[in-house]
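Read the structure below first, then the notes.
Read-outs throughout are calculated quantities, based only on the coordinates presented, and are distinct from any laboratory measurement. Computed from a predicted model, the values in this text were never measured in an experiment. Cβ coordinates were reconstructed from backbone atoms using ideal geometry, including for glycine residues, and neighbour counts include every protein chain displayed.
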Amino acid sequence: MIQTRIARRHDWAPGLVTLTLEHPLGEFEPGQWTNVALEVGGERVRRAYSLASPPGAPVELFVSRVAGGRLSPALFDLGVGDPLELDDQPQGFFTLKWLPPAQELWMMATGTGLAPYVSMLRQGDVRSRFERIVVVHGVRHEAELAYRDELRQLGVEHVAAVSRATGRITSLIDRGELDIQPERAHVMLCGNPAMIAEVSALLEARGLTKHRQRKPGHVTVESYWELK
Ligand SMILES: Cc1cc2nc3c(=O)[nH]c(=O)nc-3n(C[C@H](O)[C@H](O)[C@H](O)COP(=O)(O)OP(=O)(O)OC[C@H]3O[C@@H](n4cnc5c(N)ncnc54)[C@H](O)[C@@H]3O)c2cc1C
């Protein structure tokens, strides 16, 4: 574990913040996550957070405040200069290294599930590997469309799925607004496990199968919590 501090915070919307830390981490692959720990009520609590920063840059965490949660409300309340600990050995397989070749990459996320894609797109390798990259970001309110301007500037297509306006990611797929074809596409899904289950089922009905190392397919997932 390394000790670091909050260098900056950017509040996107109520309950949604990006925390930039004072230190970078060593080697990692964009898409990986690390454990973050804080003392909460006299106990050390740790949870996994994806790295939104690319390797070499000060660590950036994109955090949503989960009402009644143990760590995220305390993390959310941190201000500039406050200390926190993080594991200096990021982990995880939700990375480009494990994806099969494809023409198009669809990066779909709910809420803070966008973080791994921000890291990948900032690092840049992904942009030379795919002819077309589409980020589909599912949020409840327009104000939660974090990083949208930056992603557009990086040259990727950005589709907003605002549940109270345009509808959820599942509605966009149902209405045929996302042209995802198994011959061309690989789809990454990150965030809410209910979205992952529903979108996976819709994609399977269109001929896109779960990607496994032993049996290559079209869909790679990272769930932020367990489906109850
Ligand atoms: C690989 C991985 C990467 C992750 N990356 C991020 C990240 O980049 N940013 C981020 O904000 N979170 C991320 N998470 C979720 C994070 O680890 C915590 O689960 C979350 O912050 C809630 O922790 P808590 O202690 O506040 O809630 P807890 O006390 O652990 O529990 C609250 C309950 O809320 C549910 N829950 C967890 N997360 C959410 C959520 N976002 N919205 C609604 N319900 C939720 C779960 O069912 C959980 O049991 C990631 C999780 C995993 C497994």
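So, with +1 on the Cβ of K and R and -1 on the Cβ of D and E, and no other charges, what is the size of the charge dipole of the chain about its Cα centre, to the nearest 20 debye?
460
How far, in degrees from 0 to 90, does helix 193-205 lean away from the longest principal axis of the Cα atoms of the chain, to the nearest 10?
It works out to around 10 degrees.
Residue-wise, which Karplus ³J(HN,Hα) couplings in Hz belong to the stretch 77-91, taking 6.51 cos²θ - 1.76 cosθ + 1.60, θ = phi - 60°, and x for glycine or proline?
Couplings: 7, 5, x, 4, x, 6, x, 7, 10, 9, 5, 8, 10, x, 9 Hz.
Looking at the stretch 82-150, which chymotrypsin sites (Phe, Trp or Tyr not before Pro) are DSSP coil and have at most 13 other C-beta atoms within 10 Å of their C-beta?
Passing both the DSSP loop test and the Cβ count: F93.
Take the alpha-carbon centre of the stretch 189-212, take the same for the stretch 95-126, and report the distance between them in whole Å.
Distance between centres, Cα-based: 15 Å.
Looking at the stretch 100-191, which trypsin sites (Lys or Arg not before Pro) are in a loop (DSSP not H, G, I, E or B) and have at most 11 other Cβ atoms within 10 Å?
R164, R175
Taking only the alpha carbons of the stretch 2-86, what extent do you get along each of the three principal axes, in Å, biggest first?
Reported extents, whole Å, longest axis first: 33, 28, 23.
Taking square-rooted eigenvalues a ≥ b ≥ c of the alpha carbon gyration tensor, is the stretch 96-223 rounded, prolate or oblate, where a/c under 1.5 means rounded and, failing that, a/b exceeding b/c means prolate?
oblate
Quick one: what does P(r) look like for the chain with 10 Å bins over all Cα pairs, in whole %?
Answer for the chain: a P(r) of 8, 34, 37, 18, 4, 0 percent.
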